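The values are calculated or read from the model by the stated rules, or taken from the named source; none is laboratory data. The structure displayed is predicted, hence computed values, not measured ones. Cβ atoms come from the backbone with ideal geometry, glycine included; neighbour counts cover every protein chain shown. Heavy atoms of the whole protein, side chains included, go into the accessibility calculation; ligands, DNA and RNA do not. Shrake-Rupley method; radii C 1.70, N 1.55, O 1.52, S 1.80 Å.
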Amino acid sequence: MPGKRRSAGGNTRLLLVAASVIVAFAANAAGLFFGVTSVLPHLFYLPIVLVAYWFPRRGTASSLALSLGYLAMTLPSPGETQGWPSQRLRGPWSSLPSAL
């Protein structure tokens, strides 16, 4: 029995999710480099919502993977002296929308 074929729409969706993840991580890395940490982490909402909508069974696990990736990216950065807890907590907090 041949394997399941993936539809063209599924490949497009996967490509859009991958592109939004790459853009979110690249923008956040640049933001951490230049010291902008308040607005850019919200870019992770787009891939989280896309995965939760298009791939509902993988939404929570994907959002946790993204938040762990963001946390791993922010740990080595010096961050702000007073804002570092909020900077570190944005990652796990962003996985909440897909769990709902």
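Scanning region 84-100 for any residue that is at pLDDT below 85, open to solvent by 50 Å² or more (accessible area, probe 1.4 Å) and not in a helix (DSSP H, G or I) turns up at least one such residue.
Would you check if Phe44 is within 14 Å of the chain's Cα centre (by Cα) and at pLDDT 90 or above? Against the criterion (within 14 Å of the chain's Cα centre (by Cα) and at pLDDT 90 or above), Phe44 does not qualify. Within region 45-61, residues that are without any contact (Cβ under 8 Å) to a residue 12 or more places away in the chain reach partners that are part of a helix (DSSP H, G or I) and open to solvent by less than 90 Å² (accessible area, probe 1.4 Å) with beta carbons closer than 7 Å, at six or more positions or on different chains, in the pairs Arg58/Val51.
Considering region 20-41, and only residues there that are open to solvent by 50 Å² or more (accessible area, probe 1.4 Å) and not in a loop (DSSP other than H, G, I, E, B), the residue that is farthest from Arg58 (Cα to Cα) turns out to be Phe34.
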